[in-house]
Amino acid sequence: MKVQNTTLSGDTREHILKVAIPLFAAQGYSKVSMRILAKSVGISGASIYHHFPDKQSLYLDAISLAFIDTAKAIEIAFNQD
């Protein structure tokens, strides 16, 4: 089942990463295929390769984004004191 997402606009790459983070966290690297990820985002399997050369690159970028967000949240929490 293909999920249609009409909100995909300027930054499809970032949207892919934000969808990938919880998928990888819940299912693990080996169980999330590029095809599954593409369907979750609402794009074709081939289109995802326009944004990422391979699954490993996508995974590493998703981890980086996830930890950047976490690091920012920790910094904000420390600065509230």
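Using only side-chain charges placed at the Cβ, +1 for Lys and Arg and -1 for Asp and Glu, the dipole size of the chain relative to its Cα centre rounds to 500 debye. Of the residues Val19, Gly45, Ala77, the one whose Cα sits farthest toward the positive end of the charge dipole of the chain, with +1 on the Cβ of Lys and Arg and -1 on the Cβ of Asp and Glu, is Gly45. Using the average count of surrounding beta-carbon atoms within 10 Å as a protection proxy, the listed peptides 25-35, 68-78 rank, highest first, as 25-35, 68-78.
Note: relative contact order over the chain, using C-alpha pairs below 8 Å and six or more positions apart, is 34 percent.
Element breakdown for the chain at a 1.4 angstrom probe: carbon and sulfur atoms account for 57% of the accessible area.
The values are calculated or read from the model by the stated rules, or taken from the named source; none is laboratory data. Every value quoted in this text rests on a predicted model; they were computed, and no experiment measured them. All Cβ positions, even for glycine, are placed from backbone atoms using ideal geometry, and neighbour counts span all protein chains on display. Heads up: the accessible areas ignore ligands, DNA and RNA and are worked out on the full protein's heavy atoms, side chains in. Shrake-Rupley method; radii C 1.70, N 1.55, O 1.52, S 1.80 Å.
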